[in-house]
1. Expressed as a whole percentage, what fraction of the accessible surface of the stretch 46-199 belongs to carbon and sulfur atoms when a 1.4 Å probe is rolled over the protein heavy atoms?
2. Once Lys and Arg get +1 and Asp and Glu get -1 on their Cβ, which of Ala33, Leu328, Leu69 lies farthest toward the positive end of the dipole of the chain?
3. Taking θ as phi - 60°, what are the ³J(HN,Hα) couplings along the stretch 165-173 by the Karplus curve (6.51, -1.76, 1.60), each to the nearest whole Hz, with x for Gly and Pro?
4. Step through the residues of the stretch 360-377 one at a time and calculate ³J(HN,Hα) from phi using the Karplus curve (6.51 cos²θ - 1.76 cosθ + 1.60, θ = phi - 60°), rounding each to whole Hz and writing x for Gly and Pro.
5. With a probe of 1.4 Å, find how much accessible area the stretch 362-509 has per residue, and write the answer as a whole number in Å².
6. Based on the Cβ-Cβ distance of Asp48 and Ala167, what FRET efficiency does E = 1/(1 + (r/R0)^6) give at R0 = 30 Å, to the nearest 0.05?
7. Expressed as a fraction of 2.2 N^0.38 Å, the rule-of-thumb size for a compact globular protein of N residues, what is the C-alpha radius of gyration of the chain?
8. In square angstrom, what is the accessible area per residue of the stretch 307-356 with a 1.4 angstrom probe?
Amino acid sequence: MTGWIHPAAFFFIAAALLLFVKGKAKQGIILAAPALGFLSLLIAPEGDHGTTTFMGQQLIFGRVDRLSLIFGYIFTLMTFIGMTYALHLKDEKEHIAALLYAGSALGVTFAGDLFTLFLFWEIMAFSSVFLIWFKGGKASSAAGFRYLLMHIFGGLCLLGGIVIHAAGGGGIAFNALPHTGLGATLILIGFLLNAAVPPLHAWLADAYPEATVTGIIFLSAFTTKTAVYALVRGFPGMEILIILGAVMAVYGVVYAMLENDIRRLLAYHMLSQIGYMVVGVGIGSELARNGAVALAIANIVYKGLLLMGMSSVLFMTGKRKASELGGLYRTMPWTFRLFMIGGLSISGFPLLAGFVSKSMVVSAAAEAHHGWVFLLLTLASAGTFLSTTLKLPYAVFLGEDKKIAATDPPKNMLIGMGLAALLCVLMGILPGLFYRLLPFPAEYHPYTVAHLVESLQILCATALGFIFFLHKFHSENTISLDIDWFYRKGAAAFLWLAKLNKSFSSPER
């Protein structure tokens, strides 16, 4: 491991140190870990590092290339932003869980073989669930168990696939995998479950809204995006992903439109954004894969900003239903302004991150002559603007003033949001610098007249539709049923049968 330190090491060491320190020292450690991890990546030489042999197989803990580096950069930056946002927490247990979670995400990113990837994949699942359970209460406890069961299932699929693939002579090196065969299919299922691709998606909208105020920021950054990273590396050009991604993009935005819970709305919308990334992986051209990666990077930032905004509302008001909120722009002006930067960014507004990233996938779909995919992604884009940037902030910050006593959140939370907003702007106004970090050699120029006119037409038409039909967009206290209904009822039926069988087999009978 000469000349290279695994960035995850800083996170795991910091998590251990938090058991022994308090106060300012604790704050210094949780900020220093991601900062040192980021700096270590700036000087990391490309190549394989940290190699060892185990049971005759070569394990590679540090494969450094352009694809792993760009995900490493954003994971360390987003951890720094998230830790800044969570700096006011007195209890270190959330910080420890978040550091282990972020460190294991980096372990997945730099894994050069499938067994190392699986090891960190599982640490990621078991550390992240505590960010849900630490919220407390029956709903969080139940959602956390469902989240864990789903990820155990996904992990078993992944492990089974790795074993079958390796036993069949495929080896354990983590490169592009075959698109057929039982082993590769099980590995794909493991990746798709973590990416929350329908019908394996319901865990995300079920669990994330039940996480702690700060925990959801980390949850939104790592699990699904490491899965996107794994798909880019493992299954580029797999055509079924185009269909799944396009359906996912529309599915997520439709459920976001129906949702009343402000954090569940954003969780559903995350599905829509990941759908774009999955489409990019499925198309498989260098432009499409660059688009998938660029959108994953941008999404980590602006989705984190949006969730920080809504989590701040929850933190300051104790309310999470849009129908119970309104008029908060007067009492939470900075939260409103920063949230809108995230909203405009995710909607693809010029000079912001979404404009220079999402359009790469849409352009790649047009270049590959996937007309129906282009139309579905354009439709989902309009739905994004409508649900996250018009309907949600109108319900929470504008609209009817519910006279809720609140103020902007503590300074560290505003600084965290401000850092994310700054990244949204920098990516939007300096796309050349952003593109130089992308993994594949493909040219793309976002600021063309045609792209500007097309984007502004979609945004203006959507805004006019919202204004004309404003009375139809009032939030209502409803519950949206999703596929998780089947496994919730299925689990209840299984338990009922188990109890019934136990009663019949009881010795007293």
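1. Using a 1.4 Å probe with all protein chains present, the stretch 46-199 comes out at 69 percent carbon and sulfur.
2. Final value for the positive-end residue is Leu328.
3. 5, 5, 5, x, x, x, x, 10, 4
4. 5, 5, 5, 5, 5, 5, 5, 4, 7, 6, 9, x, 5, 5, 4, 5, 5, 5
5. 61 Å²
6. In this case the efficiency is close to 0.80.
7. Taking the Cα Rg and dividing by 2.2 N^0.38 Å, one obtains 0.95.
8. 32 Å²
The values are calculated or read from the model by the stated rules, or taken from the named source; none is laboratory data. What you are looking at is a predicted structure, and each value in this text was computed from that prediction instead of being measured. Using ideal geometry, Cβ is built from the backbone for each residue, glycine included, and neighbour counts are taken over all protein chains shown. The protein model used for the area step is the full one, side chains on, heavy atoms only, and it has no ligands, DNA or RNA in it. Shrake-Rupley method; radii C 1.70, N 1.55, O 1.52, S 1.80 Å.
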